[in-house]
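Working notes for the structure below.
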Amino acid sequence: MRNISVFVNDKKIRTEVPISQTLLDFLRSNGITSVKRGCESGECGACAVLIDDEPRASCITLTLQADGKEIKTVEALSTRQDLSELQKRFIEVGAIQCGYCTPALLLLAGHYLNTAVSPLEKDLREAISGVLCRCTGYVKPVEAIKKEIRLD
Ligand code: FES
Ligand code: FES
């Protein structure tokens, strides 16, 4: 066991964790269940998080590797009172089917929109390409993201 200290969506967590624990297990055991368990081998993207503002697969990241760092999940996009504009666009457009990939898609799309100087459709498609969506064919999610940034 090792002591760690991380910020998860701006909340500091200091605790002791097993050295082999994945960040995915750590987050889910701390109530962050928007981070989904899929392939557990870094392939599907359902477990995506931001660590110090960089997209990472939490299933192949040890909790110890996040020690001292800032972790963001989809919960960081909204407040307790309201959804983010991007989340609202997903609902309006009907970009959610089974919803399993949706937290990761929103997180990576939000990260792209926050960091892109001149957003382009090909770049936003690339930014979300690490998340496998089995339901939508990406048509509606891309439409929702483009609507959010008024990209025609
Ligand atoms: S569960 Fe992590 S990439 Fe699939
Ligand atoms: S909405 Fe079902 S996997 Fe994307």
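T63 falls short on exactly one of the conditions (1) surrounded by fewer than 20 Cβ atoms within 10 Å (Cβ to Cβ); (2) more than 16 Å from ligand 2 (Cβ to nearest atom); (3) not aliphatic (A, V, I, L, M), and that condition is (1).
Q87 meets all of the listed conditions (1) touching a residue at least 24 places away in the same chain (Cβ under 8 Å); (2) within 16 Å of ligand 2 (Cβ to nearest atom) but one, namely (1). For the range 96-114, indicate whether the set of residues that are over 30 Å from K11 (Cβ atoms) and either at pLDDT 95 or above or not assigned by TED's automatic domain parsing to the domain that holds D53 (or both) is non-empty. The answer is yes, given that some residue of the range 96-114 is over 30 Å from K11 (Cβ atoms) and either at pLDDT 95 or above or not assigned by TED's automatic domain parsing to the domain that holds D53 (or both).
Each row is one residue, and each column tells you yes or no for (1) farther than 30 Å from N3 by Cα; (2) of a type in the set (K, R).
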| position | (1), (2) |
| --- | --- |
| G38 | no, no |
| R56 | no, yes |
| C59 | no, no |
| S84 | yes, no |
| E92 | yes, no |
| L108 | no, no |
| Y112 | yes, no |
| G130 | yes, no |
| I145 | yes, no |
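If only residues of the range 62-86 that are out of contact with any Asp or Glu (no Cβ under 6 Å at 6 or more places or on another chain) and in a strand (DSSP E or B) are counted, the one that is nearest to V131 (Cα to Cα) is K72. For beta carbons closer than 8 Å, sequence separation of 6+ or different chains, a first residue in the range 123-152 that is closer than 15 Å to V93 by Cα and a second that is polar (S, T, N, Q), the qualifying pairs are C135/Q97; T136/Q97. Only one of the numbered conditions (1) more than 16 Å from ligand 2 (Cβ to nearest atom); (2) at pLDDT 95 or above is violated by G38, and that is (1). For the range 137-150, the criterion of being under 29 Å from S29 (Cα atoms), exposed (fewer than 14 other Cβ atoms within 10 Å of the Cβ) and not acidic (D, E) is satisfied by no residue at all. Once the range 16-53 is narrowed to residues that are aliphatic (A, V, I, L, M) and outside any loop (DSSP other than H, G, I, E, B), the residue that is farthest from the chain's Cα centre (by Cα) is V17. Of all the residues in the range 25-39, those that are in contact with a strand residue (DSSP E or B) (Cβ under 8 Å, 6 or more places away or on another chain) and free of Cβ contacts under 8 Å to residues at least 60 places away in the same chain number 4.
For R56, the conditions (1) of a type outside the set (G, A, S); (2) more than 16 Å from ligand 1 (Cβ to nearest atom); (3) not in a helix (DSSP H, G or I) all hold with the exception of (2).
The values are calculated or read from the model by the stated rules, or taken from the named source; none is laboratory data. If you're wondering where the values come from, they're calculated on a predicted model, not measured in any experiment. Every residue, glycine among them, receives a Cβ derived from its backbone with ideal geometry; neighbour counts consider all protein chains shown.
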